[in-house]
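Undergrad: One structure follows; several queries about it will come next.
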Amino acid sequence: MGLLLTLSLCVLACLFGGLCILSFFRQRRPGEPPLDKGWIPWLGHVLDFRRDTAKFLQRMTQKHGDVFTIQLGGFYMTFLQDPLSFGAFVNESREKLNFHTFSRQLLKTLFGYVGLTTDHSNFVATNQKHLQGHGLQIMTETMMNNLQNLMLHHLGSGANQNSWKEDGLFNYCYNTVFRAGYLALYGNATAQTEGDEEKARAKDKTESEVLFHEFRKYDKREANRLLSFFWDTLSMERMKSKENISGWIWDMYHMRREEGMKEFMIDRYMFVQLFVFQSNTGPSSYWLLLYLMKHPDAMEAVRKEVLMVLKESGQEVRPGGPLVNLTHEMLMKTPVLNSAVEETLRLVVAPLVTRSVLQDMTLKMADGREFLIRKGDRMAVFPYTAVHTDPEIHPDPFTFKYDRFLTPEGTKKTDFYKGGKRVRYYTMPWGSGVTMCPGRFFATNELKQFVFLMLSISIVTYINLLILCLNTFYRCLP
Ligand code: HEM
């Protein structure tokens, strides 16, 4: 026992020594950005970075300027914090800055998914077919049906209303958008397998509820048990008994099957997709609604627009009533709501857009400076601090202004400036460049549909919504 302990300590000491030596050998070369390795060997700044990414990066920017390299858990990551130079990052060739080398490693570590070399080309084709144009319209309609089934059809009688009034606002929004999104993509139970339509709808409700609760628990501690649960629940074997499965999910399944991927690996991929498309939309729907509740002028402007679009289509939303045909076209007539969505995402979404550096390269800044970036490192931009909350680009950046992205004429505003120069990347909740979130149109529609329904439901339900919000209102504000 004593010998074992001594041996283990020796191994640990050697490891630590090795890491210290590795860190020591990395020195800044001429032409490279400032290098900050932090004081913990190998780990570098990882603890501070994880604790509060925005604050940490602001501190680093103050110390080193708008380009710097830091050590993070064995990697060296160069941050570019000058929004006027973002083009050099997002438009760099895939041979130099590559997202997929980085994401493949991440998917293997987090989800046990090992992809094929053809994954990316198949992926782009599927996204173009189903997340844009006609495919997007179909998915948006399916989403609407599922949203209404979840939101309106269990509110029908007064007795039922208590069950949702007691829920917190965050949970209500996340739950509703998550479950409707899941059903829209992975399909509904059928009347054939369940007995009748009503039972099929009930099955959808209970199954999606369980999935949501498990999804919310997904963290490091329970990861292994939950991974097995999701692989099983989302397995294609189970999916095959459903109807209305989205073309997006089907195509991803078939393409992998044709390339010879094993069924269990495809099941793992299905969870990757659930994770990717569900992590942000539910929380964003909560923030959007909360900001509207907190700003009566914004609520009034959006509500007016929603009711006008609905009236023009000759429809009305009633709990228990017929489903509303909220078409893609109707969703395109809401510039005020669009601006409120964009403003919400500016304030609450903070992606770290990361690439692997595959070749030594030169980063050319907008002001003419140049930096050498090393092969094997990573590069990243963090738009939240560099753009979203920069007071020069977005004055009074921590205040929600629903019309920030509207021109005086009521059209979409796209001209924002820093130092007198126009900023092309004035918000980046979806990332940018070739890997920009392919689900952004669908996600925006989801948020708009949810708010559309919330604001157009009958006055009785609206009052219930207010009670629901007031329950959590003051506790939730940032
Ligand atoms: C508010 C909701 C959402 C936000 C803020 C968001 C944001 C993002 C961001 C920042 C990225 C990484 C981009 C990069 O690194 O350049 C991404 C990737 C991705 N998103 Fe979204 N997303 C949302 C919803 C969705 C939805 C609903 C879907 C699917 C229907 C989706 C599908 C994807 C996929 C498949 C990728 C990976 C792209 C790739 O590997 O090239 N997202 N998303």
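Where a number appears in this text, it was derived from the coordinates with a stated rule and is not lab data. Note that this is a predicted model, so its numbers are computed, not measured. Backbone-built Cβ (ideal geometry, glycine too); neighbour counts: all protein chains shown.
Undergrad: Classify the range 78-135: rounded, prolate or oblate, from the alpha-carbon gyration tensor (a ≥ b ≥ c, eigenvalue square roots; a/c under 1.5 rounded; otherwise prolate if a/b is larger than b/c)? List each step's numbers first, then the result.
TA: Values: a/c = 2.26, a/b = 1.26, b/c = 1.80.
Oblate shape, in that a/c is at least 1.5 and b/c is the bigger or equal ratio.
Undergrad: Taking only Cα atoms, what is the 0 to 90° angle, nearest 10, from helix 281-294's long axis to the longest principal axis of the chain?
TA: 70 degrees
Undergrad: Moving to a separate point now. Taking R0 as 45 Å, what's the FRET efficiency between Arg51 and Glu258 from their Cβ-Cβ distance, rounded to 0.05? Provide the component values of the computation, followed by the final result.
TA: Values: r = 45 Å, r/R0 = 1.00.
Calculated value: 0.50.
Undergrad: Then there's this: Helix 263-278 versus the longest principal axis of the chain: what angle, 0 to 90°, nearest 10, using Cα atoms?
TA: So the helix axis and the longest Cα principal axis differ by about 80 degrees.
Undergrad: So, in nm, how far is label Lys240 from label Arg28 when the simple model puts each one 7 Å beyond its Cα toward the Cβ?
TA: Between Lys240 and Arg28, the simple spin-label model gives 6.0 nm.
Undergrad: For Cys173, Cys10, which order do you get if you count the other beta carbons within 10 Å of each Cβ and list the fewest first? Intermediate values should be presented prior to the final figure.
TA: Details: Cys173 26, Cys10 10.
With the sparsest Cβ surroundings first, the list reads Cys10, Cys173.
Undergrad: Quick check: net charge around Val381, other residues with Cβ under 10 Å of its Cβ, Lys/Arg +1 and Asp/Glu -1? Mind dumping the intermediate values first?
TA: Details: positive: Arg355; negative: Asp82.
Residues close to Val381 contribute a combined charge of 0.
Undergrad: Now for a separate question. Which order do the peptides 396-409, 288-301 come out in when sorted by mean C-beta neighbours inside 10 angstrom, highest first?
TA: Values: 396-409: 15.6, 288-301: 18.7.
By packing density, highest mean first, the sequence is 288-301, 396-409.
Undergrad: Same structure again: Which lysines does Lys96 reach when only Cα atoms under 17 Å apart count, and residues fewer than 8 places away in its own chain are ignored?
TA: Leaving aside lysines fewer than 8 places away in the same chain, those within reach of Lys96 are Lys364, Lys375.
Undergrad: Highest first, please rank the peptides 252-258, 181-187 by the mean number of other Cβ atoms sitting within 10 Å of their residues.
TA: On the way: 252-258: 17.0, 181-187: 24.3.
The densest-packed peptide leads the list: 181-187, 252-258.
Undergrad: May I ask for the angle, rounded to the nearest 10°, between helix 459-476 and the longest principal axis of the chain, with both axes built from Cα atoms and the value confined to 0 to 90°?
TA: Roughly 20 degrees between the two axes.
Undergrad: Using a basic spin-label model with each label point 7 Å from the Cα along Cα→Cβ, how many nm lie between Phe75 and Leu9?
TA: Placing both labels 7 Å along Cα→Cβ, they lie 3.5 nm apart.
Undergrad: Give me the extension gain from Gln273 to Arg374: residue separation times 0.36 nm, minus the current Cα-Cα distance, reported in nm with one decimal.
TA: On the way: separation 101, 0.36 × 101 = 36.36 nm, distance 3.19 nm.
Here the answer is 33.2 nm.
Undergrad: If you don't mind, there's one more thing I want to ask. Which order do peptides 442-455, 57-70 fall in by mean Cβ count within 10 Å, highest first? Numbers along the way, then the final one.
TA: Details: 442-455: 24.1, 57-70: 17.7.
Packing proxy ranking, top to bottom: 442-455, 57-70.
Undergrad: Between Asp360 and Leu35, what is the spin-label point distance in nm, taking each point 7 Å from the Cα along the Cα→C-beta axis?
TA: Here the answer is 1.4 nm between the modelled labels.
Undergrad: Which of Ile40, Ile249 comes first, and how do the rest follow, when ranked by fewest Cβ neighbours within 10 Å? Present the calculation step by step, with values, prior to reporting the outcome.
TA: Details: Ile40 16, Ile249 22.
In order of increasing Cβ crowding within 10 Å: Ile40, Ile249.
Undergrad: Also: Shape of the range 264-423 from its Cα gyration tensor (a ≥ b ≥ c, root eigenvalues): rounded if a/c is under 1.5, otherwise prolate when a/b > b/c, or oblate? If you can, show how the numbers build up before the last one.
TA: On the way: a/c = 2.68, a/b = 1.47, b/c = 1.83.
Note, shape of the range 264-423 comes out oblate.
Undergrad: How large is the helix-only mean residue ellipticity at 222 nm for the chain, computed as the sum of -39500 (n - 2.57) over DSSP H runs with n ≥ 4, divided by its residue count, in deg cm²/dmol to the nearest 500? Mind dumping the intermediate values first?
TA: Numbers: 21 runs with 269 residues, N = 478.
It lands at -18000 deg cm²/dmol.
Undergrad: Label the range 163-267 by shape, choosing from rounded, prolate and oblate, from the square roots a ≥ b ≥ c of the eigenvalues of the Cα gyration tensor; if a/c is under 1.5 it is rounded, and otherwise prolate applies when a/b is larger than b/c, oblate when it is not. Please list the in-between numbers first.
TA: Numbers: a/c = 2.09, a/b = 1.25, b/c = 1.67.
In terms of gyration-tensor shape, oblate.
Undergrad: Then there's this: Counting other beta carbons within 10 Å of each Cβ, put Thr427, Thr53 in order, fewest first. Spell out each step's value before the answer.
TA: On the way: Thr427 22, Thr53 15.
Fewest-to-most ranking of Thr427, Thr53: Thr53, Thr427.
Undergrad: Once the Cβ-Cβ distance between Glu214 and Thr117 is put in as r, and R0 is 30 Å, what FRET efficiency do you end up with, to the nearest 0.05? Each step should come with its number before you reach the end.
TA: Details: r = 32 Å, r/R0 = 1.07.
In this case the efficiency is close to 0.40.
Undergrad: Just tell me which lysines come within less than 29 Å, Cα to Cα, of Lys412; anything on the same chain fewer than 8 places away is out.
TA: Within the straight-line limit of under 29 Å, Lys412 reaches these lysines: Lys129, Lys294, Lys304, Lys311, Lys333, Lys401, Lys421, Lys448.
Undergrad: What does the charge add up to near Glu198, with Lys and Arg as +1, Asp and Glu as -1, over the other residues with Cβ less than 13 Å from its Cβ?
TA: Working: positive: Lys199, Arg201, Lys203, Lys205; negative: Glu194, Asp196, Glu197, Asp204.
For residues surrounding Glu198, the net value is 0.
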